[in-house]
Amino acid sequence: MEILLKNELFKGLSLDDINKVIEEVEGIIKIFHKNEVIITPKEKIKVFGIVLSGSVMGVHNDYWGHRTILKILEENELFGEAFSFSQLDNTGISIVCNKEAKVLLINFEKLLEIDNRKIIQNMMMILASKNVFLTRKMEYLSKRSIKDKLLSYLSDEAMNNKSNKFYIPYNRQELADFLGVDRSALSSELSKLKAEGILNFNKNYFELL
């Protein structure tokens, strides 16, 4: 699986070394269909995954069924690693297939047993990066207005992409759920920002002006 040569978990490893690690951690490949639940919120997570194709998303549904999207994870991104290491019996988070996805599932206990310091170092870097992302998301959510939430997020995306032109992984409903706002109010704010000459957009393509 040459795609894993570009994966952060296997950074610095050869393809032969990667294949050896996958065998040691009892890695298995599975196909999931749109809206299929990969990990439920009320189970002790024993595996984490790598998206080989398609996309999945971390979702929290409250008591009344209101959905919040933590993040959409695309090709070569990891999911569930923090939850599997936490060993919580109830994370409150579901991992759901967003677009038909092929994923590599890895037994985290087996990962801890392997004699490969580089893998453990890479995992620590991944967990640190996820922590930074969650800190940034808390900043988006702490903004009082939809405009400020939206511009804070889009500003980060522009800097991450090193360009004022970029695509985001969310459609309108998903973006609203990610930012914790109403979809119609979000669409209205986007139209205002476009009219004010602050940005242009077409579906999930954005250009900051």
**Report entry** region 32-71 - residue that is at pLDDT below 90, polar (S, T, N, Q) and assigned to a strand (DSSP E or B) and, of those, nearest to Asn122 (Cα to Cα)
**Finding:** Thr68
Report summary line: When (1) in the same structural domain as Asp17 (by TED's automatic domain parsing); (2) over 29 Å from Leu13 (Cα atoms); (3) not charged (D, E, K, R) are applied to Leu151, the one that fails is (1)
Report summary line: Counted residues in region 1-16 being surrounded by 13 or more Cβ atoms within 10 Å (Cβ to Cβ), in a helix (DSSP H, G or I) and either touching a Cys at 6+ places or on another chain (Cβ under 7 Å) or in contact (Cβ under 8 Å) with a residue 60 or more places away in the chain (or both) come to 5
Query raised in the report: Mind checking whether some residue in region 89-101 is under 13 Å from the mean Cα position of the chain (by Cα), at pLDDT below 90 and not small (Gly, Ala, Ser)?
Result: yes
Query - Verdict on Phe206 being modelled with pLDDT under 95, surrounded by 17 or more Cβ atoms within 10 Å (Cβ to Cβ) and of a type in the set (A, V, I, L, M, F, W, C) - result: no
**Report entry** Residue within region 74-91 that is of a type in the set (S, T, N, Q), in a strand (DSSP E or B), surrounded by 16 or more Cβ atoms within 10 Å (Cβ to Cβ) and out of contact with any His (no Cβ under 8 Å at 6 or more places or on another chain) present
**Finding:** no
**Report entry** Set Glu74, Glu23, Glu81: member being at pLDDT 90 or above, under 18 Å from Leu127 (Cα atoms) and acidic (Asp, Glu)
**Finding:** Glu74
Query raised in the report: Does region 126-155 hold any residues that are surrounded by 12 or more Cβ atoms within 10 Å (Cβ to Cβ), of a type outside the set (Ser, Thr, Tyr) and over 15 Å from the mean Cα position of the chain (by Cα), and which are they?
Result: Glu139, Leu141, Lys143, Ile146, Lys147, Asp148, Lys149, Leu150, Leu151, Leu154
Query raised in the report: Got at least one residue in region 180-203 being in contact (Cβ under 8 Å) with a residue 40 or more places away in the chain, part of a helix (DSSP H, G or I) and within 16 Å of the chain's Cα centre (by Cα)?
Result: no
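The values are calculated or read from the model by the stated rules, or taken from the named source; none is laboratory data. What you see is a predicted model; the values in this text were computed from it and never measured. We place every Cβ from the backbone using ideal geometry, glycine too, and count neighbours over all the protein chains shown.
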